[in-house]
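Novice: Got a structure for you, questions after.
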Amino acid sequence: MISPGSPPGSSSQSPRSPSAPLFLSVTVTDPVKLGNGVQAYISYRVITKTNLPEYQGPEKIVIRRYSDFVWLHDRLAEKYKGIFIPPLPEKSAVEKFRFSAEFIEMRRQALDIFINRIASHPQLKQSEDLRTFLQEDEETMERARSQETGIFKKKPTDLMQIFKDVQSMVSDVVLGKEKPVEESNPEYEKLKHYIFELEDHLAEAQKQAYRLVKRHRELGQSLADFGKAIKLLGACEGDSLGKVFSDLGSKSELLSIKLQKEAHNLLMNFEEPLKDYVRAVQSIKATMTDRANAFRQQCELAETTKLKEINLDKLMLMRSEKAVEAEIEYKELKAESEEATRRFETIVKLMSEEMMRFQEQKTADLGLAFHEFARGQAKLANEIADAWRSLVPKLDACSPSMCS
Amino acid sequence: MMGAENHYGLEPPPPREEMETLALVDDDHPSTDPHPLAAVPATLHGGDPLLFPPPSPHSPSSSSPSPSPSSSFLDPPAYADVVFSPFDSQNGTSSGSNSPRCAAAAASEYARITVSDPQKEQETSGSLVPGGGTYVTYLITTKIRTPASGGGGPTEFRVRRRFRDVVTLADRLAESYRGFFIPPRPDKSVVESQVMQKHEFVEQRRSAIEKYLRRLAAHPVIGKSDELRVFLRTPGKLPLSASTDVASRMLDGAVRLPKQLFGEGGGGYAGPQDVVQPAKGGRDLLRIFKELKQSVANDWGGAKPAVVEEDKEFLERKEKVQDLEQQLSTASQQAEALVKAQQDIGETLGELGLAFIKLAKFETEEATYDSQRIRAADIKCLATAAVKASRFYRESNAQTVKHLDTLHEYLGLMLSVHSAFSDRSSALLTVQTLLSDLSSLHARAEKLEAASSKIFGGDKSRIRKLEDLKETIRITEDAKSCAIRGYERIKENNKTELERLDRERRDDFVAMLRGFVVNQVGYAEKIANVWAKEAEETSRYAKESN
């Protein structure tokens, strides 16, 4: 563990001279099961290598658990509205499965991808919460995490906003306005439609990919069973034919192992990327919700401000003593309204940049997944061909008159 | 039992119109071959719901293949691949065209037997079912192998037979060819006939009869039998006498029983003509009881019966056969599971391809970014590869089914072996019973002689009894010789058949394994090519660290 106080430039690995390109690379590794019984959980080693000035030292290692990642994700989601926050792997539903080697590996890989996406995102990588996550010791992390529960998550102004939201929702219902206010932007409508339908298509593809993994396992199992049975059947035959049976049975068992390997490869390098794609789309949906909320707020505040303005003018005309108070309120509200408009417009601008990024990213991700898929399948098919082919000369040697 | 043409009952995949309308690059040649798993199509007569399968708008059911021109995933390999020997199933041989089994089949006088054209007919004379029963007849076409010299005489025979005739044939063969491994006949399968659709059942039966007749024809001894010849060639009513049902047989036997028990003349003892048939299933109740008593004495009594199964070689072989049967059963099950697993993986790959095709189409239509268009093209590429691979899996599997079917065939054959072995043991039991009869007869004769010699001048009634007894002894001696001859003959048949089993099994198994392996290699190579190309196409996305 490198001490945080090491002087800059003392490590020969990553010079901090301005001419070197700035980088930030993170690895999530070494899952370890900690704790007992119901309290048990997995911890990961998070290794950060960087030459960014905001970070301590060229390398830092911390221990983190899944809920720490969730904390980071939620903080980013709150602060960076409009950006598609990289998705997290799901919480596991089934207790039994939680500590299976496969699940742990899948999760580790997903978390690694998650953190690296944040670290390479132009805005997100500057986040203070990211720095906290990557550098602070475990106690600090735990404290930060436990503060985020319940309504303490929200800052006071946000709290007000919630009440206002509820208020306006109630008045909407009372006034008979059931449908929330929505943007009437045809391009955005198209995008929404695209995202929703995309999720369906992807979910279907991911489902089939998962099924394919299962099929590989099943085929592997049946090859193992078949191999065994063939060997036993061969024992009923004479010497040389019996030997061929035995060889065939062995090859069958060998291929069974290869199939299990390919099943794992498929899971990690084909099915997981598809699942990741689905999660990414869901993250976009979350941003869309944020956008809708921001739009609604902007509209409502604009409306309320207008009302207040009208009221103020009335009061000023009447030279009422309430006018002063009203003016102050009006100015406050106007500022809030402008803030809400700014928030909304930021989201719109960010979204369009993010969308382009998303499409490019996905083309690359999917391309890689396809490549791995094709490679794995080709390798498997070749292994199958080789294994069976080796038996042909032996079978040819078994002409009826010769073998006995 | 081995009724179905294909043991696996694999159905063609669910509706795949979407896949079939795919305009794929490098599409395989469309074929008009029927689905390899479908039975030979029967010509069906108009509109009879019994015989005419319901119209299926989507995929062909296994009883009426309707090949669409674009069902190209059922093609034989499109390349001229020397490795693949076309799979021919003529006359019950299950091996490739080069094996000696084909040569044996070629020696059969029947070049080809076909069962077709099921028709409903009315029961003419009084049937037990009120209102008149109907039954189905099948057209059986037999082509005779013409001698090279081109001798005269008809080369093709057509007869109409019903299932009951097949049963008769089987029963007659069982009587005449004891000790042989007679191919088992199709089941009567009462349950199935209730459960299945009529036309499906008829088709299954048609196919089973065809297989059965072909196997009979291929048997070196039975193929030459009169019974088979008569069955295949004689038009009109089958001239083989039908076996009566068990009920009347029992009644018949019960009538004779009192006579037998009270010892009227020769009614008590089996004559030579009777002993060549086993007691069980016959009409001679007394004989059945006696042999049963003998077998109990064999099992429980301390005394060894006069003749035992001493043939060590036979006993060893019997044990081996039992072992073989067990392993065949397991292997047959696992083969079925393997075929299913291969089927499933091919299917899922196809569905994956389909899902990706839809995705690609969607992305293309909705594309607003270039990266989307590129991605859509990538997805389509992968989908195409997946669909191609899926087709290869399916084709490969269709062949695998045929090759591994040998296991099921031999498992079915085990029944014939059991039958032949039980012929032997019942013949032995008959011999043992007769021998013990003889010894008790001799004992009685001695007693009578001793008693009558004490009376001066002879005891007329005793002398007469003694003479009757001596007559009975003579008959029984004849019967015993006959029974022993019959037993020896069966032993001999067992032996030759066991040798034939070993020989043919060896050849068939080698052919099976070779066929299986070669098929797997061929298709694995093709699938590897498909994916290698796709990997090549996507190589630009590969991680640099690779």
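Novice: For the pair residue A:146 and residue A:250, how long in nm is the line joining their label points, each one 7 Å along Cα→Cβ?
Specialist: With each label point 7 Å from Cα toward Cβ, the separation is 6.1 nm.
Novice: Tell me, what is the FRET efficiency for residue A:345 and residue A:40 to the nearest 0.05, using R0 = 45 angstrom and their Cβ-Cβ distance as r?
Specialist: According to the calculation, E is roughly 0.45.
Novice: Express in nm, to one decimal, how much length is gained between residue A:239 and residue A:353 on full extension, taking 0.36 nm for each residue of separation and deducting their alpha carbon distance.
Specialist: Taking 0.36 nm per residue and subtracting the Cα distance, the gain is 33.8 nm.
Novice: With θ taken as phi - 60° and the coefficients 6.51, -1.76 and 1.60, list the Karplus ³J(HN,Hα) couplings across region B:408-417 in order, rounded to whole Hz; mark glycine and proline as x.
Specialist: 5, 4, 5, 4, x, 5, 4, 4, 4, 5
Novice: Counting Lys and Arg as +1 and Asp and Glu as -1, what is the net charge of the other residues whose Cβ lies under 14 Å from the Cβ of residue A:256?
Specialist: It works out to a net charge of +2.
Novice: Can you compute the modelled spin-label distance between residue A:203 and residue A:90, with each label point 7 Å from Cα toward Cβ, in nm?
Specialist: In this crude label model, residue A:203 to residue A:90 measures out at 1.1 nm.
Novice: Figure the gain on full extension for residue A:78 and residue A:360 (residue separation times 0.36 nm, minus the Cα-Cα span) and round it to one decimal in nm.
Specialist: That pair, residue A:78 and residue A:360, stretches by 99.0 nm at full extension.
Novice: Which loop-located trypsin sites (Lys or Arg not before Pro) does region B:501-546 contain, where loop means any DSSP state but H, G, I, E or B and the Cβ has at most 13 other Cβ atoms within 10 Å?
Specialist: B:543
Novice: If you don't mind, another one. Would you mind checking region A:44-81 for residues with the amide N under 14 Å from a putative spin-label position 7 Å along Cα→C-beta of residue A:132?
Specialist: Hits in region A:44-81 for residue A:132 at 14 Å: A:68-80.
Novice: List the trypsin sites (Lys or Arg not before Pro) within region A:273-366 that fall in a DSSP loop (any state other than H, G, I, E or B) and whose Cβ has at most 13 other Cβ atoms within 10 Å.
Specialist: A:319
Novice: What is the mean number of Cβ atoms from other protein chains located within 10 Å of the Cβ atom of each residue in peptide B:331-337, rounded to a whole number?
Specialist: Mean shielding count: 6.
Novice: Compute and list, largest first, the equivalent-ellipsoid semi-axes of region B:465-546 from the alpha carbon gyration tensor, each √(5λ) rounded to a whole angstrom.
Specialist: 75, 11, 7
Novice: Using alpha-carbon pairs under 8 Å, 6+ residues apart, how would you state the relative contact order of region B:305-464 in percent?
Specialist: Computed value for region B:305-464: 30 percent relative contact order.
Novice: Divide, for region B:360-493, the radius of gyration over alpha carbons by 2.2 N^0.38 Å, where N is the residue count.
Specialist: 2.86
Novice: R0 = 60 Å: FRET efficiency of residue B:167 with residue A:261, Cβ-based, nearest 0.05?
Specialist: 0.65
Novice: Next question, about the same structure. Checking the table A:49/A:79; A:275/A:362; B:120/B:237 against a 19 Å threshold on Cα-Cα, which pairs fail?
Specialist: Listed pairs above 19 Å: A:49/A:79.
Novice: With a point put 7 Å past each Cα toward its Cβ, work out how far residue B:224 is from residue A:314 in nm, to one decimal.
Specialist: 12.0
Novice: How long is the gain from residue B:158 to residue B:495 if the chain were fully straight, where each residue apart is worth 0.36 nm and the alpha carbon distance is subtracted?
Specialist: Result: 117.7 nm gained on full extension.
Throughout, read-outs are computed from the coordinates displayed, never taken from laboratory work. Predicted, not measured: the structure shown is a model, and the values here were computed from it. All Cβ positions, even for glycine, are placed from backbone atoms using ideal geometry, and neighbour counts span all protein chains on display.
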